[in-house]
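Student: The structure's right below; bear with me while I get my questions together.
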């Protein structure tokens, strides 16, 4: 997997339309024609994860306004995701989440995106931006103890969408090089 190459394909159960039986699957091809902000997190019901998951949810309108969708993924089961989404925020839940979570219980997707910690069976915090043609345009992977910046994710998405050269610390509205 490399920036500038097609993103690894995937199909997995998701929390999209949770009321449906059977659970609705999500696949990379579902996002054709849109930008996709795909991120991996270690586990449900942990401490850093809900802060970044809810921060992305709180700003989903901004992502959607730029023609992007968001999908979070962990190695937890769809049942764990469902329980977490139904748990109130004040009880360490993510009730009110506005985008789906994918269940990579087989760990195949985490492995394909290079974020699986094999000996622990969980994913690192990896974030990937995939363009409307399915090409990986951005990736950042870091340690488990640091949450991601929604501001930086939005900034990078906007920079990629300009199609031009963006200087260091480029901000939306500034000219390209």
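Student: So for segment 137-153 (the condition being assigned to a helix (DSSP H, G or I) and more than 25 Å from residue 31 (Cα to Cα)), does at least one residue qualify? Reasoning before the result, please.
Tutor: Here is the first cut: in segment 137-153, the ones assigned to a helix (DSSP H, G or I) are 150-153.
The next check asks that each one be more than 25 Å from residue 31 (Cα to Cα); those that pass are none.
No: segment 137-153 contains no residue that is assigned to a helix (DSSP H, G or I) and more than 25 Å from residue 31 (Cα to Cα).
Student: Being over 19 Å from residue 16 (Cα atoms), part of a loop (DSSP other than H, G, I, E, B) and touching a residue at least 60 places away in the same chain (Cβ under 8 Å) is the filter here, so list the residues in segment 98-113 that pass it.
Tutor: 113
Student: Another question, then. Being surrounded by fewer than 17 Cβ atoms within 10 Å (Cβ to Cβ), more than 18 Å from residue 92 (Cβ to Cβ) and out of contact with any strand residue (DSSP E or B) (no Cβ under 7 Å at 6 or more places or on another chain): is that true of residue 9 here? Full working, then the answer.
Tutor: Numbers: surrounded by fewer than 17 Cβ atoms within 10 Å (Cβ to Cβ): yes; more than 18 Å from residue 92 (Cβ to Cβ): yes; out of contact with any strand residue (DSSP E or B) (no Cβ under 7 Å at 6 or more places or on another chain): yes.
Yes.
Student: Okay, moving on. Do we find that residue 57 is under 19 Å from residue 127 (Cβ atoms) and in a helix (DSSP H, G or I) in this structure? Working first, answer last.
Tutor: Details: under 19 Å from residue 127 (Cβ atoms): yes; in a helix (DSSP H, G or I): yes.
Yes, satisfied.
Student: Taking the conditions exactly as written (within 20 Å of residue 139 (Cα to Cα) and either in contact with a helix residue (DSSP H, G or I) (Cβ under 8 Å, 6 or more places away or on another chain) or not in a helix (DSSP H, G or I) (or both)), does residue 45 satisfy them or not? Full working, then the answer.
Tutor: On the way: within 20 Å of residue 139 (Cα to Cα): no; either in contact with a helix residue (DSSP H, G or I) (Cβ under 8 Å, 6 or more places away or on another chain) or not in a helix (DSSP H, G or I) (or both): yes.
When the stated conditions are applied, residue 45 does not pass them.
Student: For segment 19-29, which residues satisfy the criterion of being outside any loop (DSSP other than H, G, I, E, B) and within 27 Å of residue 117 (Cβ to Cβ)? Show your work before the answer.
Tutor: Residues of segment 19-29 that are outside any loop (DSSP other than H, G, I, E, B), as a first pass: 25-29.
25, 26, 27, 28, listed by residue number.
Student: Which one is surrounded by the most Cβ atoms within 10 Å (Cβ to Cβ), of the residues in segment 154-177 that are in contact (Cβ under 8 Å) with a residue 12 or more places away in the chain and in a loop (DSSP other than H, G, I, E, B)?
Tutor: Among residues in segment 154-177 that are in contact (Cβ under 8 Å) with a residue 12 or more places away in the chain and in a loop (DSSP other than H, G, I, E, B), the one surrounded by the most Cβ atoms within 10 Å (Cβ to Cβ) is 170.
Okay, residues lined up against (1) assigned to a strand (DSSP E or B); (2) more than 14 Å from the chain's Cα centre (by Cα); (3) surrounded by fewer than 17 Cβ atoms within 10 Å (Cβ to Cβ):
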residue: 17; (1), (2), (3): no, yes, yes
residue: 37; (1), (2), (3): yes, no, no
residue: 52; (1), (2), (3): no, no, no
residue: 83; (1), (2), (3): no, yes, yes
residue: 87; (1), (2), (3): no, yes, yes
residue: 90; (1), (2), (3): no, yes, yes
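Where a number appears in this text, it was derived from the coordinates with a stated rule and is not lab data. Because the structure is a prediction, the values reported are computed rather than measured. Please note: Cβ atoms are built from the backbone with ideal geometry, for glycine as well, and neighbour counts cover all protein chains shown.
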